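**Q** Have a look at the structure that comes next, please.
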Amino acid sequence: MIAKPAPPVTLVIFGATGDLTRRLLVPAIINLTRSGLVGDSLHILGVGIEEGDDEFLRKRLDDFLEQLRKGGEEETHKDDAWYDLRERISYISGDFTKDDIFDEIGRRLGPNDNAAFYLAVPPAFFGPIVEKLSDHGLMEETNERFRRVAIEKPFGTDLASARALNACILDRVEESQVYRLDHFLGKETVQNLMTSRFANMMIEALWNNNYIDHVQITASELVDVGSRGKFYDATGALRDMVPNHLFQLLAMIAMEPPNSFDAEAIRNEKSKVLKALRIYTPEEAKANAVRGAYGAGSLDGRDLPAFRETKDISPDSRTETYVALKLLVDTWRWAGVPFYMRTGKAMTARDTEIVITFRKVPFAQFRETEVTRKLPPNRLVIQVQPDEGMSMEISIKSPGPLVDIEPVSLDFRYADKFDISKTTGYESLIYDLFIGDQTLFQRADGIEAGWAAVQPFLDAWAANPNAPETYAPGSMGPASAEDLIRRDGREWHELGVILHKPRG
Ligand code: BG6
């Protein structure tokens, strides 16, 4: 099926001179223009604090795209799609805590113009901007026009603040107008999780506690905190990655089949799973979490200062750069199946993956054979990034007269069949914002359910004066993370083992 072009719309970007706009939003819109999914009826109205006129923003973007081109990262930006779009970009400078700028936006938008307001600004501005948009009548919808607001993460910093932000926003606008972004949902491999489950009987039929032993969800990063010290010291790995990105992966893995692929049907099922996450007592939270911070060392061939010696990080910071959790999903399907999660910076490899380990088959019938070692369980490894793909690990008989087994893996690499490398990951999110499809956006109840499950860890750590455990840069994380899973007789999947090597 060929996707329809988006309807006419003005994308009003708050924070138009920032990094997100030039690195992701504009390149994604260029890609959408190139593929015909947005056309001449798309306009961009940038809003930013820096002085300047329309040409100021256009020139800024020119320079940035030129840099990308020179860096060889993207060769095709300097093409007709960009020049076409460039003419439809305008800019208003001003302070978006003041009313004038909203009056000006009102003047620039025609009364029947569709508009999507994109808040690419620090989170403290999310609530106030929505209030002002609403006070100025800019969020009112009619039969002729839609008005939507897209909000970046972090959405809240704990349960109370997420609830307060939702309350503030939903006091002014309808849930159907709010598009809470989680950029993981823009990744093809993440969207594919649902399709892989619900389009394949041989996967979905085994997808429950009768056959699955446990699930591991990992987002390990090579990058360190770098220049993001200020943000990161106030945030930490748990808040930065778990209630949003990793819980989105968990929800896709653990949700019940929706009645249809309608946005609300899917969001209902995802919210149900997040609401079923076990809310730990403070003691349970302590026992089921490990936090670490990287020390000084060498990473990827360069010297890395310890996290606590990084610019803008307090030397006695107790912020974690690594977290591992054991979580339980209290539903009929998942009773007794632990979900282990881990994420960290400055680790041994960039590797976002989901590993489903199935239960072992009975050994009895192999007693009289050469199979002396333990029979390895089947595993399904879903490689979210890099080298997107999937591996199914099974056991086969090794050739010869005796019965002996050999583990092998059946591999699928996206790159062997499709080219998904040239996208930013924001294309479907922006297109869906324009066509009014909320499937890939988070709903208020889902966000709050995620924070509710994370809150006991935040509370347990706030009450515990110990600093996170140090781990060496380039490692798999702190030693206690090994204990967390080993005490259950299980092992973490090795990081950076991308099973599907290019065929050559
Ligand atoms: C962001 C976090 O939301 O996601 C970053 O703030 C993290 O700290 C990033 O590095 C990871 O996203 P990706 O797409 O690079 O895996």
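The values are calculated or read from the model by the stated rules, or taken from the named source; none is laboratory data. Being a predicted model, the structure only gives us computed values, none of them experimental. Don't worry about glycine lacking a Cβ; one is built from the backbone with ideal geometry, like all the others, and counts go over all protein chains shown. Accessible surface areas use protein heavy atoms only, side chains included; no ligands, DNA or RNA. Shrake-Rupley method; radii C 1.70, N 1.55, O 1.52, S 1.80 Å.
**Q** If I ask for residues that are basic (Lys, Arg) and open to solvent by less than 10 Å² (accessible area, probe 1.4 Å), which ones from the stretch 127-168 would you list? If you could, list the steps in order and put the result at the bottom.
**A** Going residue by residue through the stretch 127-168, those that are basic (Lys, Arg) are 132, 145, 147-148, 153, 163.
Hit for the stretch 127-168 is Arg147, nothing else.
**Q** Restricting the search to the stretch 206-223, which residues are open to solvent by 50 Å² or more (accessible area, probe 1.4 Å) and more than 16 Å from the ligand (Cβ to nearest atom)?
**A** Matches in the stretch 206-223: Leu206, Asn210, Tyr211.
**Q** Also, I was wondering about something else. Scan the stretch 325-354 and report the pairs whose first residue is free of Cβ contacts under 8 Å to residues at least 60 places away in the same chain and whose second residue is of a type in the set (Phe, Trp, Tyr), with Cβ atoms within less than 8 Å and a gap of 6+ or a chain change.
**A** Leu328/Trp334; Leu328/Phe339
**Q** Taking the condition touching a residue at least 60 places away in the same chain (Cβ under 8 Å) and either within 16 Å of the ligand (Cβ to nearest atom) or assigned to a loop (DSSP other than H, G, I, E, B) (or both), does Thr369 pass?
**A** Values: touching a residue at least 60 places away in the same chain (Cβ under 8 Å): no; either within 16 Å of the ligand (Cβ to nearest atom) or assigned to a loop (DSSP other than H, G, I, E, B) (or both): yes.
No.
**Q** May I ask you to say which residue of Gly106, Gly156, Gly127 is at positive phi and at pLDDT 95 or above?
**A** Gly156 is the lone residue from the list that is at positive phi and at pLDDT 95 or above.
**Q** In addition: From the list Asp437, Asp404, Asp387, which residue is within 16 Å of the ligand (Cβ to nearest atom), in contact (Cβ under 8 Å) with a residue 24 or more places away in the chain, of a type in the set (Asp, Glu) and not assigned by TED's automatic domain parsing to the domain that holds Ile29? Talk me through it step by step, then tell me what you get.
**A** Values: Asp437 fails: within 16 Å of the ligand (Cβ to nearest atom); Asp404 fails: within 16 Å of the ligand (Cβ to nearest atom).
Being within 16 Å of the ligand (Cβ to nearest atom), in contact (Cβ under 8 Å) with a residue 24 or more places away in the chain, of a type in the set (Asp, Glu) and not assigned by TED's automatic domain parsing to the domain that holds Ile29 holds for just one of Asp437, Asp404, Asp387, which is Asp387.
**Q** Looking at the stretch 224-241, which of its residues are within 11 Å of the ligand (Cβ to nearest atom) and either buried (at least 23 other Cβ atoms within 10 Å of the Cβ) or closer than 18 Å to Pro468 by Cβ (or both)?
**A** Step one: list which residues in the stretch 224-241 are within 11 Å of the ligand (Cβ to nearest atom), which gives 224-226, 228, 231-232, 235-237, 239-241.
Across the stretch 224-241, the qualifying residues are Asp224, Val225, Arg228, Phe231, Tyr232, Thr235, Gly236, Ala237, Arg239, Asp240, Met241.
**Q** Now for a different question. Of the residues Ala120, Ala116, Ala124, which is open to solvent by 30 Å² or more (accessible area, probe 1.4 Å), small (Gly, Ala, Ser) and within 25 Å of the chain's Cα centre (by Cα)? Talk me through it step by step, then tell me what you get.
**A** Numbers: Ala120 fails: open to solvent by 30 Å² or more (accessible area, probe 1.4 Å); Ala116 fails: open to solvent by 30 Å² or more (accessible area, probe 1.4 Å).
Just one listed residue meets the conditions, Ala124.
**Q** Follow-up question, since we're still on this one. Please go through the stretch 176-193 and pick out each residue that is away from the ligand (no atom under 11 Å from the Cβ) and of a type in the set (Asp, Glu).
**A** Across the stretch 176-193, the qualifying residue is only Glu188.
**Q** If I filter the stretch 401-421 down to residues being modelled with pLDDT of 90 or more and farther than 26 Å from Val223 by Cβ, which single residue comes out as most open to solvent (accessible area, probe 1.4 Å)?
**A** Restricting to residues being modelled with pLDDT of 90 or more and farther than 26 Å from Val223 by Cβ, the top hit is Lys417.
**Q** Further, regarding this structure: Only one of (1) away from the ligand (no atom under 12 Å from the Cβ); (2) within 26 Å of Lys345 (Cα to Cα) fails for Lys275. Which number is that?
**A** The failed condition is (2).
**Q** Can you pull out the residues in the stretch 270-291 that are more than 26 Å from Gln442 (Cβ to Cβ) and open to solvent by 80 Å² or more (accessible area, probe 1.4 Å)?
**A** Pro282, Glu283, Lys286
Listed here are the residues, each with its yes/no results for (1) in a loop (DSSP other than H, G, I, E, B); (2) touching a Gly at 6+ places or on another chain (Cβ under 9 Å); (3) basic (Lys, Arg).
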{"residue": "Ser428", "(1), (2), (3)": "no, yes, no"}
{"residue": "Leu433", "(1), (2), (3)": "no, no, no"}
{"residue": "Gly446", "(1), (2), (3)": "no, no, no"}
{"residue": "Ala453", "(1), (2), (3)": "no, no, no"}
{"residue": "Pro456", "(1), (2), (3)": "no, no, no"}
{"residue": "Asn466", "(1), (2), (3)": "yes, no, no"}
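**Q** Within the group Val408, Val361, Val355, which residue is among the β-branched types (Val, Ile, Thr), in contact with an Asp or Glu (Cβ under 9 Å, 6 or more places away or on another chain) and farther than 28 Å from Ser227 by Cα? Write out each step before concluding.
**A** On the way: Val361 fails: in contact with an Asp or Glu (Cβ under 9 Å, 6 or more places away or on another chain); Val355 fails: in contact with an Asp or Glu (Cβ under 9 Å, 6 or more places away or on another chain).
The match here is Val408.
**Q** Right, something else. Which ones in the stretch 292-331 are open to solvent by 30 Å² or more (accessible area, probe 1.4 Å) and under 25 Å from Asp483 (Cβ atoms)? Break it down into steps so the answer makes sense when it comes.
**A** The initial filter retains those residues of the stretch 292-331 that are open to solvent by 30 Å² or more (accessible area, probe 1.4 Å), namely 296, 298, 300-303, 305, 308-309, 311-312, 314-316, 318, 326, 328, 330-331.
If the condition is that a residue be open to solvent by 30 Å² or more (accessible area, probe 1.4 Å) and under 25 Å from Asp483 (Cβ atoms), then Ala296, Arg308, Arg318, Lys326, Leu328, Asp330 are the ones that fit.
**Q** Could you tell me whether any residue of the stretch 332-355 is part of a strand (DSSP E or B) and open to solvent by 10 Å² or more (accessible area, probe 1.4 Å)?
**A** Going residue by residue through the stretch 332-355, those that are part of a strand (DSSP E or B) are 339-344, 347, 351-355.
Now drop any that are not open to solvent by 10 Å² or more (accessible area, probe 1.4 Å), which leaves none.
Looking for residues that are part of a strand (DSSP E or B) and open to solvent by 10 Å² or more (accessible area, probe 1.4 Å), one finds none in the stretch 332-355, hence no.
**Q** Within the stretch 226-244, can you find the residues that are touching a helix residue (DSSP H, G or I) at 6+ places or on another chain (Cβ under 8 Å) and not β-branched (Val, Ile, Thr)?
**A** Taking the stretch 226-244 and keeping what is touching a helix residue (DSSP H, G or I) at 6+ places or on another chain (Cβ under 8 Å), we get 232, 238-240, 242-244.
Tyr232, Leu238, Arg239, Asp240, Pro243, Asn244, listed by residue number.
**Q** Moving to a separate point now. Hey, Thr424 hits all of (1) within 16 Å of the ligand (Cβ to nearest atom); (2) open to solvent by 40 Å² or more (accessible area, probe 1.4 Å); (3) farther than 29 Å from Ser271 by Cα but one; which does it fall short on?
**A** Here Thr424 clears every test but (3).
**Q** Need pairs with beta-carbon distance below 6 Å; first residue within 20 Å of Ala462 (Cβ to Cβ) and among the aromatic types (Phe, Trp, Tyr) and within the stretch 267-291, second open to solvent by less than 30 Å² (accessible area, probe 1.4 Å) and at pLDDT 95 or above; sequence gap 6+ or separate chains.
**A** From residues that are within 20 Å of Ala462 (Cβ to Cβ) and among the aromatic types (Phe, Trp, Tyr), the pairs are Tyr280/Pro456.
**Q** The conditions are (1) open to solvent by less than 30 Å² (accessible area, probe 1.4 Å); (2) among the β-branched types (Val, Ile, Thr); (3) part of a loop (DSSP other than H, G, I, E, B); (4) within 27 Å of Tyr340 (Cβ to Cβ), and Val497 fails exactly one of them. Which is it?
**A** Single failed check for Val497: (1).
**Q** Out of all the residues in the stretch 354-382, which are at pLDDT 95 or above and polar (S, T, N, Q)? Walk me through it before giving the result.
**A** Filtering the stretch 354-382 down to residues at pLDDT 95 or above leaves 354-359, 378-382.
Passing the criteria: Thr357, Asn378.
**Q** Between a first residue in the stretch 205-234 that is touching a residue at least 40 places away in the same chain (Cβ under 8 Å) and a second residue that is open to solvent by 50 Å² or more (accessible area, probe 1.4 Å) and within 12 Å of the ligand (Cβ to nearest atom), which pairs have beta carbons less than 7 Å apart while being 6 or more apart in sequence or on different chains?
**A** Sorted first by the residue in the stretch 205-234, then by its partner, the pairs are Ser220/Arg350; Glu221/Arg350; Leu222/Arg350.
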